[in-house]
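Written out below as structure tokens is the structure these notes cover.
The values are calculated or read from the model by the stated rules, or taken from the named source; none is laboratory data. Note that the structure is predicted; figures quoted are calculated from it, not measured. All Cβ positions, even for glycine, are placed from backbone atoms using ideal geometry, and neighbour counts span all protein chains on display. Only protein heavy atoms, including side chains, enter the accessible area calculation; ligands, DNA and RNA are left aside. Shrake-Rupley method; radii C 1.70, N 1.55, O 1.52, S 1.80 Å.
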Amino acid sequence: MWFGHARRNSFQSLNEIEKHIPKIARKLLLRFLRDDLVEEVLGDLEEDFSRNFITGSLFRAKVTYWYQVCQYMRAFAIRKKKSHHNHFDMFKNYFKISWRNLIRNRGYSSINIGGLALGMAISVLIGLWILDELTYNQYHKNYERIVQVMQHQTTDGVIGTSISMPIPLRAAMQEGYGSEFTHLSLASWVYEHVLSKGEQKITKTGGFVEPAFPEMMTLKMLAGSLTALKDQTSILIAESTAKALFGEGDPINQSLRMDNKLDVKVGGVYEDIPFNSQFNDMQFIAAWDLYLVSESWLKVAKQQWYNNSFQIFAQLAPRADASSVSEKIKNLKMKNSPEVRAYKPEVFVYPMRDWHLRSEWKNGANTGGRIQMVWMFGTIGLFVLLLACINFMNLSTARSEKRAKEVGIRMAIGSVRSQLINQFLSESFLVVLLSFLICIGLVILALPAFNQLSGKKIILPFGTVEFWMISFVFIVVTTLLAGSYPALYLSSFHPVKILKGTFKSGRYTSVPRKVLVILQFTVSVSLVIGTVIIYEQIRFSKARPVGYDRSGLVMVQMSTPDFFGKYDVLRTDLKNTGFVDEMAEVSSPLWYVGSYSAGFSWETKDPTSQQSDFGTIWVTQEYGKTTKWNMLEGRDFSSDFLSDSSAMILNEASVKFMGLVEPIGKTVKWGYRPYHVIGVVEDMVVESPYKPVKPLTYLLDINEVQWIQMRLTPEKTTAEALVAIEGVFKKNVPSVPFEYSFVDDEYAQKFVAEERIGKLAYVFATLAIIISCLGLFGLASFVAEQRTKEIGIRKVLGATVFGLWRMLSRDFLLLIVISCLIAAPTSIYFLADWLEHYQYHIEVSWWIPVTAILGALFLTLFTVSFQVIRSAMMNPVNSLKSE
């Protein structure tokens, strides 16, 4: 008893007792126990420890203490770990609030989500189009090393650029600079040829190339050998051609007949070259050596440096550079061919990566090409997305007073600005995410029509990781673009003013919204003006006099020897059907000139300056009657004049270039052969309708023709005429499938690129206007809602509906007028530069911007008036009660 009493006396101080509390147990308790229980639990445990120690023993006190610590290891007492789960809950709360706000304000949410989805869908479509353009030709693995040999030539002081090359140049490149190239290959032009297997005949496009070509272009072989063209009797065919000829059978080593004159065997089948490749129309490839033995004129062409009738492709050696190689081969033609020196030819190599996007040249300098379209549509896509984001910004900031109390309360209970910004950005993210899901649906629905409109074969690459990564980045960027300004603006409110009820939007808070509306309609009106100018340019070019009558003209290519020697028989049989008025044969169709030649001379020619290539077109006597060209002077070819075999007909451009005052009867020499001019015809537009007509000469020679030209009887139906004509061709040329082209359709193809630009611009302009009007409608609705009480008071005091409409519409109209005043000169300035690409183009008329401006004002009034008039016609009693 004495010992216990002494111990109690020695530990009377609480601090001394605490020294004996198990430190490990205490630390364990502090690690897992909830913060709000720590103070209470520690106090209880220390009190129990003191009591047990005083009344019992130190050992018993420690054991009891450990037991009680373990007893608190229960769910209710354990602290929840501070980890990402807290962040998850926080963002979950943000999204819950965001969702409730969207549901509560369905009208504004629909405008926001619908506008953003539309803008995003346009941006995605344009993005896919741009991706297709930028990856053009990348199917070929040697894409970065493949080049095409090109040349500049000076004609009458103007430098022209061409891909047409002479055969001897290839050998000169190999002999002099072979180490600079891995592969070199001559190639013919790609034409339609008839491939037949027994009685089965099909027409496919293809050409002749050297054996290195398939390896250079890295064709993907499905069967056979990549080197099969080393045998001149072999042919490589595309997978689609193989299926058309052999079905599911094995085509390798099967015999075919080409153009009913060449026997070949299938040496390999390659995967169809994709649509976004320069060689997508190569449905078969034949050996170059076969070409040389099949065409007699090539025996001479092999030695002719001035005969630019071929193409040369090459693959640069690993260490070679296009610019250095171009410098080395620059003067190859000048050195080897004295007869071409007057044209100052400069040879160079042009990389495959630039073939598609930078294919336009002017006076020896590259002026771009489709890369301008890439930049233009990329800019449009960005602006359309910006328009949709502006709607979100405007509606979010316009409704700021509705969210002011929420912001004030959150700030009062401890929310910091960064948390508010995160909340509003979360709302933006939710809207953008919903918009993106709708956008993908819209893209899937619109893609077939978009492909048809743009001439593409684009698909959505759902199966690629890159697509989802880009989509995520797209969503995040759009979220920041649309939500950053509203988040910063709404989080900047002062909580004291809000909770006191003294918060009012500043007099300048609407300025950013007005600026954004001006930007929206500036872009929209600019697109409308641009679209109208593009369509006017197309209409102007289509209305250009072409110098002949296109209607009812049908052409058939003489693709095999079976056509030749049957001119009189075919003409007689065709006219006897009653469906053909006249028939002729010609060397070039009416939509391009197949041959340009030099070596022409005349009395007044200046030998130092007048170096020019004349388009040379060989025809039969009935060509003028069939074409219905306009004879301005002299006469047409006629079978009544045997001397017409040495006669020549010139077009206006030739007469002007030659400087002939009285051309009829004048002598024009081609080489050493003299021709006498018997007629002058009006310029016929047979190439680009946007450029001046080139000098053309028409000569009489049935041995040089390649096309049959027929004029249908206008009184008869086209369908009946084609059936009758097909019967004549099957009778006289049974070995060839009957295939034809309408001159009207082929001429229309010359406007396809510009029409696509116009149609796409029209679609984008329409959608941009819709997006802008959606935003305007939302703002008008909000303004009318905000001024409900004012409208009611004004009505009570006698204001008319028209007066209220004028008051509420005035501000919006002013913004649109400012937009139009900015858009008109800006768009005209940039479109004038676009028009300069065409030598034959319109001048921008005053009515184009005026019409666009009036249209924008009308749409604004229509959009705003619906909501404004609805508010103005409300019963003032209800308006005053609403607040």
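Observations on the structure shown:
- Net charge of Cβ neighbours under 12 Å - reference G157; Lys, Arg +1; Asp, Glu -1: -1
- Given their separation in residues at 0.36 nm each and the Cα-Cα distance between them, E720 and L445 gain 95.1 nm when the chain is fully extended.
- Remark: spin-label model distance T826-T205 equals 4.0 nm, labels positioned 7 Å along the Cα→Cβ axis.
- Residue-count net charge about L290 - beta-carbon cut-off 15 Å; Lys, Arg +1, Asp, Glu -1: 0
- Estimated at 0.36 nm per residue, the fully extended path between E175 and A317 surpasses their Cα-Cα distance by 49.6 nm.
- Using a simple spin-label model with pseudo-atoms 7 Å out from Cα toward Cβ, K220 and F858 lie 5.2 nm apart.
- Relative packing of peptides 424-435, 714-725 - highest average C-beta neighbours within 10 Å first: 424-435, 714-725
- Across segment 332-396, the convex hull enclosing all Cα atoms gives 85 Å³ per residue.
- Reported value for segment 642-716: 163 Å³ per residue, from the convex hull of its C-alpha atoms.
- Global size of segment 595-670 as Cα Rg and Dmax, reported in angstrom: 13.1, 40
- The convex hull built on the alpha-carbon positions of segment 239-391 has an orientation-averaged projected area of 16.1 nm².
- Per residue, the chain exposes an accessible area of 49 Å² to a 1.4 Å probe, with every protein chain left in place.
- Where a label projected 7 Å from the Cα of K759 along Cα→Cβ would reach, residues of segment 115-138 with amide N under 19 Å: 122-123, 125-130, 132-133
- Rg/Rh for the chain, where both radii come from Cα atoms and Rh is the Kirkwood radius: 1.17
- From its DSSP helices (H runs of at least four residues, each -39,500 (n - 2.57)), the chain gives a residue-normalised ellipticity at 222 nm of -17000 deg cm²/dmol.
- Between the helical axis of 400-412 and the longest alpha-carbon principal axis of the chain there is an angle of about 40 degrees.
- The largest accessible area among L767, L445 belongs to the first residue in L445, L767, and the rest follow in falling order (1.4 Å probe, all chains).
- Rg to Rh, two decimals, where segment 167-277 supplies the alpha carbon set and Rh follows Kirkwood: 1.00
- Segment 783-872 has equivalent-ellipsoid semi-axes of 41, 10, 9 Å, by the square roots of 5 times the alpha carbon gyration tensor eigenvalues, sorted largest first.
- Within the chain, antiparallel bridges make up roughly 80 percent of the DSSP beta bridges whose residues both belong there.
- Alpha-carbon centroid distance for the pair segment 356-378 / segment 514-591, whole angstrom: 24 Å
- On full extension, the segment bounded by K23 and T155 gains 37.5 nm, given 0.36 nm per residue less the C-alpha separation.
- Filter on K605/K750; K220/K243; K141/K750 - keep pairs with C-alpha separation over 23 Å: K605/K750; K141/K750
- Centre-to-centre, using Cα atoms only, segment 797-851 and segment 245-311 are separated by 57 Å.
- Degrees separating the helix 417-454 axis from the principal Cα axis of the chain, which is the longest one: 20 degrees
- Radius of gyration and Dmax over the Cα atoms of segment 720-842, both given in Å: 28.9, 93
- Distance cut-off 16 Å, percentage of C-alpha pairs in segment 224-289 lying past it: 43 percent
- Spin-label pair N336/D281, simplified geometry with 7 Å Cα→Cβ offset, distance in nm: 2.8 nm
- Accessible surface of segment 705-844, 1.4 Å probe, proportion on carbon and sulfur as whole %: 61 percent
- Ligands, DNA and RNA excluded, the heavy atoms of R571 present near 60 Å² of accessible surface to a 1.4 Å solvent probe.
- Net charge over other residues, Cβ less than 11 angstrom from the Cβ of S595 (K, R count +1; D, E count -1): -2
- Counting DSSP beta bridges with both ends in segment 213-318, the antiparallel % (nearest 5): 65 percent
- Between 0 and 90°, nearest 10: helix 465-490 axis offset from the chain longest Cα axis: 60 degrees
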